[in-house]
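The values are calculated or read from the model by the stated rules, or taken from the named source; none is laboratory data. Values in this document were obtained by computation on a predicted structure and should not be read as measured data. Methodologically, a virtual Cβ is constructed for each residue, glycine included, from the backbone with ideal geometry; neighbour enumeration extends over all protein chains shown.
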Amino acid sequence: MFISCRNITFSYPESETPVITGLDLDIQGPGFFSLFGLSGAGKTTLARLLCELTTPSDGEIRKTGIRKALYCHNQERLPGWLSIGEHMERVTSRDRQGLFQELSGEFGLTPLLSHRFRTLSLGQKNRVNLLRYLVQDFDLLITDEALANVDEPLRHRILSLVKNRFPDRMIVYISHNVLEVAAFSRTVYVLSQTPLGSAVLSGIVIGLDLSTPPIKNEPVLQEKAFRIIQAASSWAPM
C-alpha cells in the first residue's frame, strides 16, 4: 500500500497563483497518518487530489495497493427524507452490519438512529458522517476535520478505536489540533506555506516520524507538537 506524488502543482481556474507547487510526497501504509498545515496551506486540495476528486495541473500521483479511496469532510449532509438508521442500511453491505452495530455503539449513535440528520447537533452529524464512511469498503480514507465539533474525550476515544480497528487500511487524518495529531499519528506530513513573490502557497512536505505516539507522555507530546508547528510555520526545509 503506497502513495507517491511527484512534482505536484495545482491551481484553481479562477486563481492566478497555485495552491500547491512542486510537491513530492511518499506515504507507505497501512497505518494512521496525519496531514497538518496552517489555514490555506493546501491540505484539503491535496486530500482531494489523493482521492482523485480533482486532478493536478502538473505532476503525477501513483497509488499501489489502493483500490478504493474515500474522502470525508465535516460539511457533508445526509438526505433529509430518511432516518439515520435507514440511510445507514442503504450504504452498509450485509457483511458489514456487525461492524456498523459495533461502531454506532462506540460512537454513541445507537439512540439516534431513528432521528433525521437535520435534527442532530454538529458533533452528532460529524460522528454519523464518519461512521458512514467507515462501514464502506475502502483502502484509503482521508478525514478532513471530520471530528471538529466532537468533544475531546469522545473524539480521542473514536480516534483510538479507528486506529486499532482498521490496522490494515491507510487512514490520513487532517486536523488543526496539533496535540491530537502528535498523539495518534504514525507519521505527520506537514504542509508548509512558502511565500514566493506576492504570496504563492507552495507545498513542502516534511515527514515527522511519530511511530510511537506519545499519548500518555506529556513532555514528549509537547515536544512533538512544537516540532509540527515549527515545520508548518517555516518555509525552509528542516
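Some points to look at:
- Filter result (surrounded by 12 or more Cβ atoms within 10 Å (Cβ to Cβ) and part of a loop (DSSP other than H, G, I, E, B)) within segment 80-124: L82, T92, F107, G108, L109, L113, H115, L120
- 3 or more residues surrounded by 14 or more Cβ atoms within 10 Å (Cβ to Cβ), within 17 Å of the chain's Cα centre (by Cα) and small (G, A, S): qualifying strands (runs of 3 or more DSSP E) within segment 20-72: 31-37
- Pair list, Cβ < 7 Å and 6+ apart or interchain, from segment 55-73 residues that are closer than 23 Å to Y12 by Cβ to residues that are outside any strand (DSSP E or B) and among the basic types (K, R): Y71/R48
- Listed by first and then second residue, the pairs linking a residue in segment 148-160 that is buried (at least 16 other Cβ atoms within 10 Å of the Cβ) to a residue that is part of a helix (DSSP H, G or I), with Cβ atoms under 6 Å apart and 6 or more places separating them unless they lie on different chains, are V150/G123; V150/N126; L159/F184.
- In segment 125-148, the residues that are under 15 Å from the mean Cα position of the chain (by Cα) and outside any helix (DSSP H, G or I): F138, D139, L140, L141, I142, T143, D144, E145, A146, L147, A148
- Selection within segment 24-48 - in contact with a Gly (Cβ under 9 Å, 6 or more places away or on another chain), of a type in the set (A, V, I, L, M) and under 23 Å from K68 (Cα atoms): L25, I27, L46
- Some residue of segment 195-206 being among the small types (G, A, S), buried (at least 16 other Cβ atoms within 10 Å of the Cβ) and at pLDDT below 65: yes
- Check on L70, out of contact with any Leu (no Cβ under 6 Å at 6 or more places or on another chain) and at pLDDT 90 or above: no
- Condition check for S192 on (1) at negative phi; (2) at pLDDT 90 or above: one failure, at (2).
- Candidate set: segment 1-19, residues that are in a loop (DSSP other than H, G, I, E, B) and of a type in the set (S, T, N, Q); chosen: the one surrounded by the most Cβ atoms within 10 Å (Cβ to Cβ): S11
- Of the residues making up segment 93-136, just one is aromatic (F, W, Y), more than 14 Å from C72 (Cβ to Cβ) and touching a residue at least 40 places away in the same chain (Cβ under 8 Å), namely F117.
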